[in-house]
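Here's the structure, in C-alpha cells; my notes come after.
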Amino acid sequence: MAKKNTNAITHETIIRDVQGGKIAPVYLLMGEESYYIDRLATFITDSVLQPEDRDFNLYTLYGPETTMHDVIQAALSYPMGAQRQVVVVKEAQKLTQFEQLTEYLKKPLLSTVLIFCYKNGSLDQRKTGLIKQLEQTGVIYESNRLKDYQLPAWIRNYVHRKKVDIEPMAENILTDHVGTDLNRMAGEIEKLLLSLPEGEKKITAQQVAEHIGISKEYNIYELTDALARKDVEKTMRIAHFYAQTPKQNPIQKNLPALFRFFQNLMLAYYAPDQSPAGIAAWVGTNTWAAEKSIIPAMKLYTGRKVMEIIGQIRRTDARSKGVDNTATPEGELMKELLFFILH
C-alpha cells in the first residue's frame with residue numbers, strides 16, 4: 001500500500017476538507033480502530049445530506065450481503081431532489097472482487113459520495129492498481145489503534161471538547177481500566193459526564209473510581225503511589241486489604257500495573273533529559289505522572305534494585321499460576337512481593 005498518502009490524511013484533515021466544501025466522490029475508511037471510521041462516515045453523510053433528503057438519497061449496503069457489482073450500480077444511480085446521494089458500504093472488509101471498483105474510479109459519478117467502512121484491517125496491499133486509482137480519485141484514510149501512552153491526551157481532548165476538565169489521575173485510571181477501545185472509552189466518558197453534579201465542570205479520580213467499580217482508597221494507583229514514596233505502612237495496609245478481598249483484587253489484575261510502573265522507572269534512569277518533561281517523553285507518559293511517582297521513586301530505588309524487583313514480579317506471576325507453588329494464596333504472594341520491593 002502506498003503509505004505516503006494514507007499517513008498524510010488524518011480524520012481532522014477530512015473533517016476540515018468536508019467543512020470547506022471539498023468533498024471527494026469516494027472514501028475508503030479502513031483500519032483497526034473503528035471509532036474514527038464510524039464517526040467519519042456519519043460526519044460525511046450528515047454534511048452531504050439534509051435530513052429530509054435521506055429517505056431517497058442515502059443507501060446503506062453491507063459487505064456480507066452485497067457484491068461490488070451492486071455497490072457500483074448504486075453509485076451510478078442519480079440523486080432524487082437533491083444535489084448528491086450517499087452510498088455507505090458497512091463491513092466492506094467482507095466484500096470480494098474489490099478490483100472491480102477500478103473502472104468506476106476512472107470516471108466516478110460526481111453526484112454520488114461513496115463511503116467504504118473497512119474495519120479490522122486494511123485493503124490488500126497487493127492491489128496496487130486499485131490503491132493508486134483510489135488515491136487519485138478519492139480519499140484513503142487508515143485508522144490505527146492508539147498506544148496506551150496516547151490515551152490520556154485523547155481522553156483530555158475529548159472532555160475538553162465537552163467544556164469539562166479532568167484530573168490526570170482520572171485519565172490514568174480510565175486508561176488502565178478501559179483500554180484502547182475508543183468506542184468503549186467514549187461511552188464511559190459520556191456516562192461520567194452525565195453523572196456530574198449540576199454545575200460541576202471537572203471529572204475527578206474519585207468519580208472515575210466509583211463509576212468503574214474500584215475501591216476509592218485502595219486501588220492500584222494508591223499502591224504504586226505508596227511504593228513510589230516507600231510508604232511502608234500504607235503499602236502493607238493495602239496489601240492486607242487485597243488479601244481480604246481476593247475476588248475484587250485478583251493478583252493478575254495488579255501485577256501488570258506494578259510491572260509497568262517499575263519498567264517505566266528503569267527506563268527513566270536512562271532518559272537523556274532528566275527534567276520531568278524529558279523523563280515523561282522518554283518513558284511515554286505525561287509530566288504529571290513523572291512528577292508524582294517516577295521522579296520521587298528514582299530518589300529511593302537504585303537501578304539494580306529495580307532490576308531485582310522486575311525479576312521478582314515475574315517470579316510472583318509464575319507462582320500465582322502454580323509454578324513452584326502449590327499452597328501459598330494470592331494475598332500472601334502479594335504481601336511477599338511488596339515486602340521484597342520495600343526492603
Open item on the list: Out of everything in region 97-135 that is more than 30 Å from the chain's Cα centre (by Cα) and loosely packed, with under 14 Cβ neighbours inside 10 Å, what residue ends up being farthest from Met80 (Cα to Cα)?
Closed with: Gly129
Task: Count of residues meeting criterion [part of a loop (DSSP other than H, G, I, E, B) and more than 32 Å from the chain's Cα centre (by Cα)] in region 302-343 - done: 10
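Every residue, every condition in (1) of a type in the set (A, V, I, L, M); (2) in contact with a strand residue (DSSP E or B) (Cβ under 7 Å, 6 or more places away or on another chain); (3) assigned by TED's automatic domain parsing to the domain that holds Gln263, yes or no:
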| residue | (1), (2), (3) |
| --- | --- |
| Val159 | yes, yes, no |
| Gly179 | no, no, no |
| Gly187 | no, no, no |
| Pro197 | no, no, no |
| Ala205 | yes, no, no |
| Ala239 | yes, no, yes |
| Thr245 | no, no, yes |
| Gln248 | no, no, yes |
TODO: Inspect all residues belonging to region 185-202 and state whether any of them is under 27 Å from Thr245 (Cα atoms) and outside any helix (DSSP H, G or I).
DONE: no
- [ ] Name every residue in region 136-168 that is surrounded by 13 or more Cβ atoms within 10 Å (Cβ to Cβ), assigned to a helix (DSSP H, G or I) and modelled with pLDDT of 90 or more, in order of residue number.
- [x] Thr137, Trp154, Ile155, Arg156, Tyr158, Val159
Open item on the list: Being of a type in the set (A, V, I, L, M, F, W, C) and in contact with a Leu (Cβ under 7 Å, 6 or more places away or on another chain) is the requirement here; does Ile140 meet it?
Closed with: yes
Open item on the list: Cβ contacts < 6 Å: first residue closer than 17 Å to Leu49 by Cβ, restricted to region 13-27; second residue assigned to a loop (DSSP other than H, G, I, E, B) and among the aliphatic types (A, V, I, L, M), any location; separation 6+ or different chain. Result?
Closed with: Pro25/Leu110
Open item on the list: Being part of a loop (DSSP other than H, G, I, E, B), out of contact with any Gly (no Cβ under 8 Å at 6 or more places or on another chain) and either outside the structural domain of Gly31 (by TED's automatic domain parsing) or not hydroxyl-bearing (Ser, Thr, Tyr) (or both) is true for just one of Ala74, Ala82. Which residue is that?
Closed with: Ala82
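Being in a helix (DSSP H, G or I) and of a type in the set (Ser, Thr, Tyr) is the filter; apply it to region 11-70 and report the residue that is farthest from Val89 (Cα to Cα).
Our first condition is that a residue be in a helix (DSSP H, G or I); within region 11-70, this holds for 11-19, 34-48, 51-57, 63-65, 68-70.
Add one more test, that the residue is of a type in the set (Ser, Thr, Tyr), and what stays is 13, 34-36, 42, 45, 47.
Details: Thr13: 22, Ser34: 14, Tyr35: 16, Tyr36: 15, Thr42: 12, Thr45: 12, Ser47: 17 Å.
Top of the filtered list is Thr13.
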Open item on the list: Looking only at residues that are of a type in the set (Val, Ile, Thr) and at pLDDT 90 or above in region 113-135, which one is farthest from Thr96 (Cα to Cα)?
Closed with: Val113
Open item on the list: With without any contact (Cβ under 8 Å) to a residue 12 or more places away in the chain, among the charged types (D, E, K, R) and assigned by TED's automatic domain parsing to the domain that holds Leu101 as the only criterion, which of Asp46, Asp38, Asp53 stands out?
Closed with: Asp46
Open item on the list: Quick test for you: out of Leu105, Leu110, pick the one residue that is touching a helix residue (DSSP H, G or I) at 6+ places or on another chain (Cβ under 7 Å) and either outside any strand (DSSP E or B) or not small (Gly, Ala, Ser) (or both).
Closed with: Leu105
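The values are calculated or read from the model by the stated rules, or taken from the named source; none is laboratory data. Remember, it's a predicted structure, so these values are computed and weren't measured experimentally. In this analysis, Cβ positions are derived from the backbone assuming ideal geometry, glycine residues included, and neighbour counts consider all displayed protein chains.
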